[in-house]
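Trainee: Take a look at this one; I'll ask things after.
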Amino acid sequence: DSLLEIVSQVISNMTHYVGFSLVEDRKDKLFFWGTRFILEQKEFEDISLLKNLFSVLENKVSSLWSFLRDKINSEDIRIIIGDEITVEEISSCSVIISPFKISESRHALTGVLGPVRMDYPQVVAKLRMLKEYLEDFF
(Lines give C-alpha, C1' and ligand atoms only; values in the text may rest on other atoms or scores of the structure.)
Protein backbone atom coordinates (compact mmCIF):
# COMPACT_ATOMS: atom_id res chain seq x y z
CA ASP A 1 0.00 0.00 0.00
CA SER A 2 2.71 2.46 0.91
CA LEU A 3 4.48 1.76 -2.39
CA LEU A 4 1.36 2.60 -4.37
CA GLU A 5 0.87 5.76 -2.34
CA ILE A 6 4.44 6.71 -3.24
CA VAL A 7 3.74 5.84 -6.89
CA SER A 8 0.84 8.33 -6.81
CA GLN A 9 3.17 10.98 -5.44
CA VAL A 10 5.90 10.22 -7.99
CA ILE A 11 3.63 10.35 -11.04
CA SER A 12 2.01 13.54 -9.76
CA ASN A 13 5.37 15.22 -9.25
CA MET A 14 6.62 14.01 -12.65
CA THR A 15 3.59 15.29 -14.57
CA HIS A 16 2.23 18.13 -12.40
CA TYR A 17 -1.25 16.61 -12.57
CA VAL A 18 -3.23 14.62 -10.01
CA GLY A 19 -1.60 11.20 -9.66
CA PHE A 20 -3.54 8.17 -8.51
CA SER A 21 -3.12 4.46 -7.88
CA LEU A 22 -5.70 1.74 -7.37
CA VAL A 23 -4.87 -1.72 -6.11
CA GLU A 24 -7.16 -4.72 -6.38
CA ASP A 25 -7.23 -6.45 -3.02
CA ARG A 26 -9.74 -7.90 -0.58
CA LYS A 27 -10.66 -4.28 -0.13
CA ASP A 28 -9.75 -2.10 -3.10
CA LYS A 29 -7.61 0.89 -2.20
CA LEU A 30 -7.44 4.18 -4.08
CA PHE A 31 -4.69 6.75 -3.53
CA PHE A 32 -4.60 10.33 -4.86
CA TRP A 33 -1.79 12.86 -4.76
CA GLY A 34 -1.15 16.31 -6.19
CA THR A 35 -4.52 18.01 -6.09
CA ARG A 36 -2.60 21.28 -5.67
CA PHE A 37 -1.50 21.00 -9.31
CA ILE A 38 -5.12 21.43 -10.39
CA LEU A 39 -4.98 24.99 -9.12
CA GLU A 40 -2.25 25.74 -11.67
CA GLN A 41 -4.48 24.77 -14.61
CA LYS A 42 -6.30 27.57 -16.43
CA GLU A 43 -9.38 25.38 -17.01
CA PHE A 44 -10.04 25.18 -13.30
CA GLU A 45 -10.33 28.92 -12.69
CA ASP A 46 -14.09 28.23 -12.79
CA ILE A 47 -14.91 27.65 -9.13
CA SER A 48 -17.86 25.34 -9.86
CA LEU A 49 -15.61 22.99 -11.89
CA LEU A 50 -13.05 23.05 -9.10
CA LYS A 51 -15.67 22.27 -6.44
CA ASN A 52 -16.96 19.31 -8.46
CA LEU A 53 -13.47 17.95 -9.00
CA PHE A 54 -12.44 18.27 -5.36
CA SER A 55 -15.71 16.70 -4.26
CA VAL A 56 -15.03 13.67 -6.45
CA LEU A 57 -11.46 13.33 -5.21
CA GLU A 58 -12.16 13.91 -1.53
CA ASN A 59 -15.11 11.57 -1.39
CA LYS A 60 -13.65 9.01 -3.76
CA VAL A 61 -17.00 9.06 -5.50
CA SER A 62 -18.23 5.56 -6.21
CA SER A 63 -18.74 6.31 -9.91
CA LEU A 64 -15.05 7.23 -10.27
CA TRP A 65 -14.08 4.18 -8.22
CA SER A 66 -16.19 1.93 -10.46
CA PHE A 67 -14.87 3.58 -13.60
CA LEU A 68 -11.26 2.92 -12.58
CA ARG A 69 -11.95 -0.62 -11.33
CA ASP A 70 -13.41 -1.50 -14.72
CA LYS A 71 -10.07 -0.59 -16.32
CA ILE A 72 -7.76 -2.40 -13.89
CA ASN A 73 -7.47 -5.54 -16.04
CA SER A 74 -6.65 -3.63 -19.23
CA GLU A 75 -3.38 -4.44 -20.92
CA ASP A 76 -2.08 -1.06 -22.02
CA ILE A 77 -2.13 2.62 -21.22
CA ARG A 78 -5.43 4.30 -22.09
CA ILE A 79 -6.38 7.92 -22.61
CA ILE A 80 -9.93 8.78 -21.64
CA ILE A 81 -11.15 12.28 -22.46
CA GLY A 82 -14.08 14.32 -21.15
CA ASP A 83 -17.48 12.61 -21.26
CA GLU A 84 -15.79 9.24 -21.94
CA ILE A 85 -14.88 9.23 -18.23
CA THR A 86 -18.59 8.69 -17.40
CA VAL A 87 -18.29 10.65 -14.15
CA GLU A 88 -20.27 13.82 -14.76
CA GLU A 89 -18.47 15.91 -12.13
CA ILE A 90 -15.14 15.49 -13.91
CA SER A 91 -16.27 15.47 -17.53
CA SER A 92 -14.09 18.55 -18.11
CA CYS A 93 -10.99 16.45 -17.40
CA SER A 94 -8.92 13.72 -18.98
CA VAL A 95 -7.65 10.56 -17.35
CA ILE A 96 -4.69 8.51 -18.49
CA ILE A 97 -4.46 5.08 -16.87
CA SER A 98 -1.66 2.56 -16.82
CA PRO A 99 -2.65 -0.89 -15.52
CA PHE A 100 -0.04 -3.40 -14.35
CA LYS A 101 0.15 -6.79 -12.63
CA ILE A 102 1.34 -7.15 -9.08
CA SER A 103 1.03 -10.94 -9.35
CA GLU A 104 -0.91 -13.38 -11.52
CA SER A 105 -4.02 -12.81 -9.43
CA ARG A 106 -3.61 -9.17 -8.33
CA HIS A 107 -3.79 -6.11 -10.52
CA ALA A 108 -3.25 -2.41 -9.98
CA LEU A 109 -3.23 0.74 -12.00
CA THR A 110 -1.72 4.15 -11.79
CA GLY A 111 -2.48 7.24 -13.76
CA VAL A 112 -3.15 10.93 -13.89
CA LEU A 113 -6.15 13.18 -13.94
CA GLY A 114 -5.82 16.60 -15.50
CA PRO A 115 -7.26 19.04 -18.01
CA VAL A 116 -8.35 17.97 -21.48
CA ARG A 117 -5.43 19.92 -22.96
CA MET A 118 -2.74 18.03 -21.01
CA ASP A 119 0.49 17.03 -22.74
CA TYR A 120 -0.57 13.48 -23.64
CA PRO A 121 2.69 12.27 -25.26
CA GLN A 122 4.74 13.39 -22.26
CA VAL A 123 2.38 11.83 -19.71
CA VAL A 124 2.06 8.57 -21.65
CA ALA A 125 5.86 8.28 -21.91
CA LYS A 126 6.27 8.79 -18.16
CA LEU A 127 3.50 6.34 -17.34
CA ARG A 128 4.98 3.75 -19.71
CA MET A 129 8.38 4.08 -18.00
CA LEU A 130 6.77 3.76 -14.57
CA LYS A 131 4.67 0.76 -15.70
CA GLU A 132 7.79 -1.07 -16.90
CA TYR A 133 9.58 -0.32 -13.65
CA LEU A 134 6.64 -1.52 -11.53
CA GLU A 135 6.17 -4.72 -13.53
CA ASP A 136 9.88 -5.51 -13.16
CA PHE A 137 9.68 -4.71 -9.44
CA PHE A 138 6.72 -7.02 -8.84
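The values are calculated or read from the model by the stated rules, or taken from the named source; none is laboratory data. Quick caveat, the model's predicted, so the values are computed rather than measured. Neighbour counts run over all protein chains shown; Cβ positions are idealised from the backbone, glycine included. Ligands, DNA and RNA are excluded from the accessible area calculation, which covers all protein heavy atoms including side chains. Shrake-Rupley method; radii C 1.70, N 1.55, O 1.52, S 1.80 Å.
Conditions (1) polar (S, T, N, Q); (2) within 18 Å of Met129 (Cβ to Cβ), marked per residue:
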position: Val7; (1), (2): no, yes
position: Val23; (1), (2): no, no
position: Leu30; (1), (2): no, no
position: Ile38; (1), (2): no, no
position: Leu49; (1), (2): no, no
position: Asn52; (1), (2): yes, no
position: Ser66; (1), (2): yes, no
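Trainee: Please give the number of the condition Lys51 fails out of (1) exposed (fewer than 14 other Cβ atoms within 10 Å of the Cβ); (2) within 16 Å of the chain's Cα centre (by Cα).
Mentor: Lys51 satisfies all of (1) exposed (fewer than 14 other Cβ atoms within 10 Å of the Cβ); (2) within 16 Å of the chain's Cα centre (by Cα) except (2).
Trainee: Filter the stretch 1-42 for residues that are small (Gly, Ala, Ser) and in a helix (DSSP H, G or I); which is most open to solvent (accessible area, probe 1.4 Å)?
Mentor: Here is the first cut: in the stretch 1-42, the residues small (Gly, Ala, Ser) are 2, 8, 12, 19, 21, 34.
Next, from what is left, pick out any that are in a helix (DSSP H, G or I): 2, 8, 12.
On the way: Ser2: 81, Ser8: 1, Ser12: 0 Å².
My answer is Ser2.
Trainee: Only helices (runs of 4 or more DSSP H) wholly contained in the stretch 43-138 count here; list those with 2 or more residues that are of a type in the set (Gly, Ala, Ser).
Mentor: 47-59, 62-69
Trainee: Only residues that are touching a Gly at 6+ places or on another chain (Cβ under 9 Å) and either closer than 19 Å to Thr110 by Cβ or free of Cβ contacts under 8 Å to residues at least 40 places away in the same chain (or both): list them for the stretch 19-60, please.
Mentor: Gly19, Phe20, Ser21, Leu22, Phe31, Phe32, Trp33, Gly34, Phe37, Ile38
Trainee: For the stretch 97-109, what are the residues that are open to solvent by less than 10 Å² (accessible area, probe 1.4 Å) and out of contact with any Leu (no Cβ under 6 Å at 6 or more places or on another chain)?
Mentor: If the condition is that a residue be open to solvent by less than 10 Å² (accessible area, probe 1.4 Å) and out of contact with any Leu (no Cβ under 6 Å at 6 or more places or on another chain), then Ala108 is the only one that fits.
Trainee: Return the pair list, or none, for Cβ contacts closer than 6 Å from residues in the stretch 102-128 that are of a type in the set (Val, Ile, Thr) to residues that are assigned to a loop (DSSP other than H, G, I, E, B), at least 6 apart or on different chains.
Mentor: What qualifies is Ile102/Phe138; Val112/Tyr17; Val124/Ile77.
Trainee: In this structure, does Val87 turn out to be in contact with a Leu (Cβ under 8 Å, 6 or more places away or on another chain), surrounded by 19 or more Cβ atoms within 10 Å (Cβ to Cβ) and more than 16 Å from Ile11 (Cβ to Cβ)?
Mentor: Numbers: in contact with a Leu (Cβ under 8 Å, 6 or more places away or on another chain): yes; surrounded by 19 or more Cβ atoms within 10 Å (Cβ to Cβ): yes; more than 16 Å from Ile11 (Cβ to Cβ): yes.
In short, yes.
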